[in-house]
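Visitor: Before we start, here is the structure in question, set down as structure tokens.
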Amino acid sequence: MDDEGIGAWAARRARRTPHRTALVHDGAPVSYAGLYGHTLRIARTLREHGVRQGDRVGFLGPNRPAFLASLFAAGLMGAVFVPLNVRLAPPELAWQLADCGARVLLRSGKRAEGAGGAGVAVVDVDDAAVRDGEAPGARIGTAWGAEARDEPAATVAADDPCLILYTSGTTGRPKGAVLSHANLTWNAVNVLIDEDLTADEVALVAAPLYHAAALGMQALPVLLKGGTCVLMESFDAGAALDAVERHRVTSLFGVPTMFRRIAAHPRWPHADLSSLRTLVCGGAPVPEALTAAYEQRGLTLRQGYGLTEAAPGVLLTHHGHADAGPAHAGASRAGVPHFFTDVRVADPGPAGPAGADTAVPGRTGELLVRGPNVMTGYWNRPRQTEAALTDGWLRTGDVARVDAHGGLTVVDRLKEVIISGGENVYPAEVEHALLAHPDVADCAVIPVPDAEWGEVGRAVLVAAPGVTLDPEAVLASLTSRLAAYKIPRSAVIAPELPRTGTGKPVRRQIQARYGSA
């Protein structure tokens, strides 16, 4: 098998564990043999549409077996897989398809209907054919090689591009991060090591696969190990609890909003959660109250930090909190680097990221990342690639601090810092402190003009269910947690906050609605 890419994973798993369950969707299991058979059929379809090595293949659809089969099929062809966000508007989808120069768009599910683009062949992928017992691939068994004779494979090297993932674009046009087969493989190895995944892992994949976290931190590592992914097309807290009980789920990843909704569900106090071993939360700071809610059920909610450009894992807290050291007040701890990943916290001043490291505990600097999981660059954007990758280090644009135990806390985005009277105020740090208030369900801190200080913070608060918020009382509660200059000078109440699919606040929209002087 002359293939060093992840496209070969389906074949290798079908060869090794053909009858084990790879995927569960709508209650129906798909074996590794069935997944491989579906992968081959999609690969042949791509070949019929003229897809060759290096061509881009778009995919639009929710968490369904066709997503992963299409990813592996593109890998077999040596093509570059480009998953698209189903929540995007048609003009946004068309722009991304044009930007990457996609030859084919694969679609799956009702939410993908009607999407396409000029000059792009559109192929509807039928998930029904992947059901075990119907697909030829499901009958491969130990004689899987017979099905593979017509495998439309290419010679794929580990450093070849595998995936283009478009960043959220909250500050402008999204950029396509190019991840190689090696990037995805090394990230999966990091997860296998640091989360202690086993061959009997059952992961509930409730976050969307078109984002790097669900794909890189859950689906690919679990399939590499030979476990099972239970796919949810859209997140629902009650359905998630049902799935945990029915399928004896062992691993769960999500953003804080997802974990918060699960803990707020009426069934939460009595749900059978005894199968859960690994819970990882990322995408936004994790409130202390949320961590405590899971600890009351005997579960450790581990916080991770990553970004699309790192495939995506960078930091992860230890399994137990005792050896991780105390979290910094008002901030959210993200842990230590993954096994094969290195980080620096560097002075973001005039010397730039190549300057001296910020080694003093408590001091902040820009977080830099290096490792085999870091992207090769941005698609067709050499200047932005050069700015992001400096001397082999990825500039994250995030502010972090190192504690005396060697752990790291990610404080905020460099671009989102509020400079008030010459002091740096990091909104995420203040937001984490606000979320410790029992009456606050959600919040964001934005800058507003101030005649004396230049700009000061304003808290935009969302009340917990059934609570009437007193904004002044909430701000007063921060006096024991934060320096005076960090405390917002005003607060307003909002019904809800706009957020991206990965749980990050859309600050441009919040600023436009609540940022007037």
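Read-outs: derived from the displayed coordinates by stated rules, not from any lab. Model, not experiment: these values are computed from the prediction. Because the Cβ atoms are built from the backbone with ideal geometry, glycine has one as well, and the counts that use them run over all protein chains shown.
Visitor: Treat the chain as a sphere of radius equal to its Kirkwood radius over Cα pairs and apply Stokes-Einstein at 10 °C in a medium of 1.306 mPa s; give the translational diffusion coefficient in µm²/s, rounded to a whole number.
Guide: Result for D is 67 µm²/s.
Visitor: I need the Kirkwood Rh of the stretch 430-517: take the reciprocal of the average 1/r across all distinct C-alpha pairs and report it in angstrom.
Guide: 13.3 Å
Visitor: Please sort 454-466, 9-21 by packing, taking for each peptide the average over its residues of neighbouring beta carbons within 10 angstrom, highest first.
Guide: 9-21, 454-466
Visitor: Could you work out the relative contact order of the stretch 417-514? I mean the mean sequence separation of Cα pairs under 8 Å and 6+ apart, divided by the number of residues, in percent.
Guide: After rounding, I find 27 percent.
Visitor: If we sort 219-227, 56-64, 482-490 on the protection proxy, mean other Cβ atoms within 10 Å, highest first, what's the order?
Guide: 56-64, 219-227, 482-490
Visitor: Can you tell me the FRET efficiency between residue 236 and residue 270 if r is taken as the Cβ-Cβ distance and R0 is 22 Å, rounded to the nearest 0.05?
Guide: That gives a FRET efficiency of 0.75.
Visitor: Multiply the residue gap between residue 490 and residue 26 by 0.36 nm, knock off their C-alpha separation, and tell me the result in nm, one decimal place.
Guide: 162.3 nm
Visitor: Let me ask something else about it. Identify all aspartates and glutamates with a Cα-Cα distance to residue 486 below 17 Å; exclude those on the same chain that are fewer than 8 residues away in sequence.
Guide: By straight Cα distance, residue 486 reaches 412, 416, 423, 429, 431, 450, 452, 455, 472.
Visitor: Still on this structure: When 493, 6, 419 are ordered from fewest to most other Cβ atoms inside 10 Å of their Cβ, what list results?
Guide: If I rank by nearby Cβ atoms, fewest first, I get 419, 493, 6.
Visitor: Next question. Between residue 110 and residue 17, what FRET efficiency comes out of the Förster formula 1/(1 + (r/R0)^6) with R0 = 25 Å and r the beta carbon distance, rounded to 0.05?
Guide: With a Förster radius of 25 Å, E is 0.20.
Visitor: Quick check: pseudo-label points 7 Å beyond the Cα along Cα→Cβ at residue 479 and residue 424, how many nm apart are they?
Guide: 2.8 nm
Visitor: Do the sum for the chain: with -39,500 (n - 2.57) for every DSSP H run of n ≥ 4, divided by all residues, what is the mean residue ellipticity at 222 nm, to the nearest 500 deg cm²/dmol?
Guide: So the helix-based figure for the chain works out to -7500 deg cm²/dmol.
Visitor: Counting only C-alpha contacts under 8 Å and six or more residues apart, can you give the relative contact order of the chain as a whole percent?
Guide: Normalised by residue count, the contact order of the chain is 11 percent.
Visitor: For the stretch 402-470, what is the convex hull volume of the alpha-carbon atoms per residue, in Å³?
Guide: 116 Å³
Visitor: Points 7 angstrom from Cα along the Cβ direction at residue 92 and residue 387: gap in nanometres?
Guide: A separation of 2.2 nm, rounded to one decimal place.
Visitor: Right, next: Please give me the summed charge of the neighbours of residue 459: other residues whose Cβ is under 10 Å from its Cβ, Lys and Arg +1, Asp and Glu -1.
Guide: So the surrounding residues net to +1.
Visitor: OK, next. How much of the DSSP beta bridge set in the chain is antiparallel, as a percent to the nearest 5?
Guide: So the antiparallel bridges amount to about 60 percent of the total.
Visitor: OK, next. Any idea how far the Cα center of the stretch 1-33 sits from the one of the stretch 211-228, in Å?
Guide: 12 Å
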